[in-house]
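See below for the structure under consideration.
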Amino acid sequence: MRRFLYTLCQCTWGILQTIGGFFVFLRYIKCKHFIYHGAVFTEWKNPDASMSLGLFVFVSETLSEKEDGYREQVIVHEYGHTIQSLILGPLYLIVIGIPSSFWAMTPMMINYRKKNHISYFSFFCERWANYLGEKVTGESSPKQKFIDF
Ligand SMILES: [Zn+2]
């Protein structure tokens, strides 16, 4: 029942990001997929890049080469973003998607984090995703780990 409601909400209230995620899913259809607490995960070839769009989550296949447990922690973190999609619905892309992309990808923010040794997960939407992921799955997130990307 819980999983049904999760899927239903992602396909109605969270439809904007779920449709976007579906097209990305189709683009990476040949990659490995798995279901985690109702979310459809794809392991794509983008190194160190993860993305969460409604029902669909994309994580790097190179995560399994990282330190023990990090892959699982990132999965919990990304799952937390899917919960944000349930909470924010049509506002998800504005409140989470845009700030998160800016924080993750702009050279200015990357340099800022490196220079000040600030965790990627300290930004409000990332910290919140960690919190929600842990709360809903009962598993461990990356906390305030320092990562480079
Ligand atoms: Zn994130």
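Which FRET efficiency value, to the nearest 0.05, do you get for SER119 and ARG27 by plugging their Cβ-Cβ distance into 1/(1 + (r/R0)^6) with R0 = 25 Å?
Values: r = 30 Å, r/R0 = 1.21.
E between SER119 and ARG27, to the nearest 0.05, is 0.25.
Is there a quick way to get the dipole size of the chain? I mean about its Cα centre, with the Cβ of Lys and Arg at +1 and of Asp and Glu at -1; what is the value in debye to the nearest 20?
Details: 15 positive and 12 negative charges, 44 e Å.
With only Lys, Arg, Asp and Glu charged at Cβ, the dipole is about 220 debye.
Once ligands and nucleic acids are excluded and a 1.4 Å probe is used, how much of LYS143 is accessible, expressed in Å² to the nearest 10?
Its heavy atoms expose roughly 110 Å² to the probe.
Can you work out the PRE-style zone for ILE98? Point 7 Å along Cα to Cβ, and I want the residues of region 116-130 with backbone N under 19 Å.
Once the point is set 7 Å along Cα→Cβ of ILE98, 123-126 turn out to lie under 19 Å by backbone N, inside region 116-130.
Tell me, what is the 1.4 Å probe accessible area of LEU53, in Å² to the nearest 10?
30
Express in Å², to the nearest 10, the accessible area of ILE29 obtained by rolling a 1.4 Å probe over the protein heavy atoms while all chains stay in place.
Ignoring ligands and nucleic acids, ILE29 comes out at about 90 Å².
Mean residue ellipticity at 222 nm from the helices of the chain, using -39,500 (n - 2.57) per DSSP H segment of n ≥ 4 over the full residue count, to the nearest 500 deg cm²/dmol?
Values: 6 runs with 73 residues, N = 149.
The per-residue figure over the chain is -15500 deg cm²/dmol.
Taking amide H positions as placed 1.01 Å from N in the peptide plane, with prolines and chain starts having none, which residues 5 or more places from ALA39, or on another chain, fall under 5 Å of its amide H?
It is none; the list stays empty.
If you count the DSSP beta bridges with both ends in region 31-136, what percent of them are antiparallel, to the nearest 5? Mind dumping the intermediate values first?
Values: 8 of 13 bridges.
Of the beta bridges lying entirely in region 31-136, close to 60 percent run antiparallel.
Listed highest first by mean packing, meaning other Cβ atoms within 10 Å per residue, what order do 41-49, 99-107 come in? Before the final figure, lay out each step's value.
Working: 41-49: 16.3, 99-107: 13.9.
Highest mean packing first, the order is 41-49, 99-107.
If you roll a 1.4 Å probe over the chain with all protein chains in place, what percent of the accessible area is carbon or sulfur? Could the numbers behind the result be given before it?
Numbers: 5310 of 7990 Å².
Carbon-and-sulfur percentage of accessible area, whole number: 67.
Counting only heavy atoms of protein chains, what accessible area per residue, in Å², does region 2-137 have with a probe of 1.4 Å?
Values: 7090 Å² over 136 residues.
Computed with neighbouring chains in place, this is 52 Å² per residue.
Quick one: Cα centre-to-centre distance for region 94-144 and region 22-67, in angstrom?
Their Cα centres are 18 Å away from one another.
The values are calculated or read from the model by the stated rules, or taken from the named source; none is laboratory data. On a predicted model such as this, the values are computed, not experimentally measured, just so you know. Cβ coordinates were reconstructed from backbone atoms using ideal geometry, including for glycine residues, and neighbour counts include every protein chain displayed. Surface areas here come from the heavy atoms of the whole protein model, side chains and all, with no ligands, DNA or RNA. Shrake-Rupley method; radii C 1.70, N 1.55, O 1.52, S 1.80 Å.
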